[in-house]
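Heads up, the thing below is written out as structure tokens.
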């Protein structure tokens, strides 16, 4: 092969690679446009108002593109949920193993992630309550992973004598987590505001923990609850 032929072949290869890169970037940008438009519709009109036709109009795309990229309305809702909860998963992955104080610090990290990503997370939570059963197994697995993280944190506290040795830490972790998720849902549906969300998440955690904390720690727990009942900002 001549030098000029090799040069032409190299240019074609680089051109093809560059073209594929531009196409991938274009696809990703369209996917993001679709999710952003879907979140706006959910926030402004509710998830029931979300249709593929309305979404295509809002994203300035043809309906076929939505189906090509996400397959269905359920696929779009799933993508919103996964994108919206990524910050929570990141917070759980950094959980400190220090019993209830560690769990409260974990709660503080999650609160910060929730409030900083409200524009993404609120539509994700609303969408999750309307999601079909297709993704139930995935959602259950996600929640179980988070509950296991909480249980690991509580186990450290039990080993240090913070909690009674006879309590079921797996059950306690499930109750603490479910109570917290219910509080987040109230915030997402605008039943409570951001300050109420932070106070209630702390209050519910401490009130639940009073059922299994060691007796010598109860006075401090009750004092913290009294402050939260007065609306004092939750401390770390």
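The values are calculated or read from the model by the stated rules, or taken from the named source; none is laboratory data. Nothing here was measured: the structure is a model prediction, and the numbers come from that model. Here the Cβ positions follow ideal geometry from the backbone for every residue, glycine too, while neighbour counts run over all protein chains shown.
Below are the figures for this structure:
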item	result
The stretch 164-197, residues that are in contact (Cβ under 8 Å) with a residue 40 or more places away in the chain, closer than 23 Å to residue 124 by Cβ and in a helix (DSSP H, G or I)	176, 180, 184, 185, 187, 188, 194, 197
Whichever residue in the stretch 45-97 is under 30 Å from residue 214 (Cβ atoms), in contact with a helix residue (DSSP H, G or I) (Cβ under 6 Å, 6 or more places away or on another chain) and not in a helix (DSSP H, G or I) and, among such residues, is modelled with the lowest pLDDT	97
Odd one out for residue 229, checked against (1) more than 21 Å from residue 101 (Cα to Cα); (2) modelled with pLDDT under 90	(1)
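Residues are listed down the side, and each one gets a yes or a no for (1) surrounded by fewer than 17 Cβ atoms within 10 Å (Cβ to Cβ); (2) within 22 Å of residue 122 (Cβ to Cβ); (3) outside the structural domain of residue 124 (by TED's automatic domain parsing); (4) more than 24 Å from the chain's Cα centre (by Cα):
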site	(1), (2), (3), (4)
32	yes, yes, yes, no
45	yes, yes, yes, no
48	yes, yes, yes, no
57	yes, no, yes, yes
64	yes, no, yes, yes
67	yes, no, yes, yes
76	no, yes, yes, no
